[in-house]
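> Following this message is one structure expressed as structure tokens.
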Amino acid sequence: MGRIVNFEGVRIVAAASVVGKEEHLGPLGGAFDEYDESDRFGADTWEKAEAGAQGRALALALKKAGANAPELLFAGDLQNQCMASAEGLISYGIPFFGLYGACSTATEALLLASLALSAGAVKCCAAVTSSHFAAAERQFRFPLEYGGQRAPTAQWTATAAGAFVLTKERAGVRISRGMAGRMVDSGIADAANMGAAMAPAAADSILTFLRETGTTPSDYDAIVTGDLGKEGSRLLAVLCEREGVRLSAKHEDCGCLLYDGSKQDAHAGASGCGCSASVLAAHYLPRLTEGLLRRVLFLSTGALMSPQSVQQKGNIIGIAPALLLEF
């Protein structure tokens, strides 16, 4: 089936989300497992705070699963060399793959965990991702003390972490199909407009998935993107309509759900590895298990860039791996 991989019996048996103050004040605030009013999670730096949130999210997911330590751990974040994942998860002693797919890392981690389980290499895996607003601002843009003005198209990096436990041996939300994203360079070099950079990759993945599976948007209860925000979501609709596909009311975006635009100044919406991970854990998985949704096409969307590529004004490469979630 081309780029589509079919998985047999792979299930998410537990998930947990840990967020900061602004995320708790948003529309989904009551759904997250824990939040920290200070955004510090007991640490003395923003970077260590993100590591703390990621470690806490995995602890909560493992407690929910009632499982022993997974045999493999797939994790990533936005910090250089994935240091939030390394520092936050080292105490677990689980064999570790550090990942960087930018804001698409949550789906990337779940996809790789599903591949490992389907291949019979392991019986239990965990996938964890995180981001932190202050740590990301310091790395990619300016320290908060600088007080730089944000463009209307800019997105707010979520202070959030999401963790998932996967196995083939227990009941849960099924990951029935997956697809790796294809890198797309749309010529966007503005780090304050990541939605426009990621939307073409999201369109490519959605259109490819629909074409190769012979389905239409009406076959899904929701088609969810991770981090396009308002700007990228508008562009996604246009790109798909050009190819004769109308997403209409089926499309939802985690970056548009995390904050209340009328009360919180998040500009174009949320982004960051923790955005789609926390929203998936706190919002979509419960709706699937409760029977409110049956089939969800889920894509985390990533803007592949580094501090150096931003400083050198390089184009921002977009990517959007996809999962089909069913219950």
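> Surrounded by 24 or more Cβ atoms within 10 Å (Cβ to Cβ), of a type in the set (Asp, Glu) and either touching a strand residue (DSSP E or B) at 6+ places or on another chain (Cβ under 6 Å) or in the same structural domain as ALA199 (by TED's automatic domain parsing) (or both), is that true of ASP33?
On the way: surrounded by 24 or more Cβ atoms within 10 Å (Cβ to Cβ): no; of a type in the set (Asp, Glu): yes; either touching a strand residue (DSSP E or B) at 6+ places or on another chain (Cβ under 6 Å) or in the same structural domain as ALA199 (by TED's automatic domain parsing) (or both): yes.
Spelling it out, it is not the case that ASP33 is surrounded by 24 or more Cβ atoms within 10 Å (Cβ to Cβ), of a type in the set (Asp, Glu) and either touching a strand residue (DSSP E or B) at 6+ places or on another chain (Cβ under 6 Å) or in the same structural domain as ALA199 (by TED's automatic domain parsing) (or both).
> Give me the strands (runs of 3 or more DSSP E) completely within the stretch 218-327, filtered to those with at least 1 residues that are touching an Asp or Glu at 6+ places or on another chain (Cβ under 8 Å), ordered by residue number. Explain how you work it out, then say what you get.
Values: elements: 222-225, 251-253, 295-299, 302-304, 317-319, 322-326.
In the stretch 218-327, the matching strands (runs of 3 or more DSSP E) lie at 222-225, 251-253, 295-299, 302-304, 317-319.
> Hey, another quick one. Cβ-Cβ under 8 Å, sequence separation 6+ or interchain: first residue in the stretch 269-289 and over 16 Å from ALA135 (Cβ atoms) and assigned by TED's automatic domain parsing to the domain that holds MET198, partner among the basic types (Lys, Arg) and modelled with pLDDT of 95 or more. Which pairs?
Hits for this filter: LEU288/ARG294.
> For residues that are polar (S, T, N, Q), modelled with pLDDT of 70 or more and farther than 17 Å from GLY52 by Cβ, tally how many sit in the stretch 122-156.
Summing the residues that are polar (S, T, N, Q), modelled with pLDDT of 70 or more and farther than 17 Å from GLY52 by Cβ in the stretch 122-156 gives 1.
> Restricting to the stretch 120-139, name every residue that is under 20 Å from GLY98 (Cα atoms) and in a loop (DSSP other than H, G, I, E, B). Please lay out each step first, then the result.
Applying the first criterion (under 20 Å from GLY98 (Cα atoms)) to the stretch 120-139 yields 121-132, 135-136, 139.
Scanning the stretch 120-139 gives ALA121, VAL122, LYS123, HIS132.
> Across the stretch 95-110, what is the total count of residues that are outside any helix (DSSP H, G or I), in contact with a Ser or Thr (Cβ under 9 Å, 6 or more places away or on another chain) and of a type in the set (A, V, I, L, M, F, W, C)?
Going through the stretch 95-110 one residue at a time, the tally reaches 4.
> Condition (residue is free of Cβ contacts under 8 Å to residues at least 12 places away in the same chain and more than 17 Å from the chain's Cα centre (by Cα)) applied to the stretch 80-97: is it met by at least one residue?
Of the residues in the stretch 80-97, the ones free of Cβ contacts under 8 Å to residues at least 12 places away in the same chain are 90.
When the remaining residues are screened for being more than 17 Å from the chain's Cα centre (by Cα), the result is 90.
The answer is yes, given that some residue of the stretch 80-97 is free of Cβ contacts under 8 Å to residues at least 12 places away in the same chain and more than 17 Å from the chain's Cα centre (by Cα).
> So if I check each of GLY42, GLY29, GLY20, GLY9, which one is touching a helix residue (DSSP H, G or I) at 6+ places or on another chain (Cβ under 9 Å) and within 13 Å of GLY162 (Cα to Cα)?
Working: GLY42 fails: within 13 Å of GLY162 (Cα to Cα); GLY29 fails: within 13 Å of GLY162 (Cα to Cα); GLY9 fails: within 13 Å of GLY162 (Cα to Cα).
When all the criteria are applied, what remains is GLY20.
The values are calculated or read from the model by the stated rules, or taken from the named source; none is laboratory data. Only a predicted model underlies this, so the values are computations on that prediction, with no experimental measurement involved. All Cβ positions, even for glycine, are placed from backbone atoms using ideal geometry, and neighbour counts span all protein chains on display.
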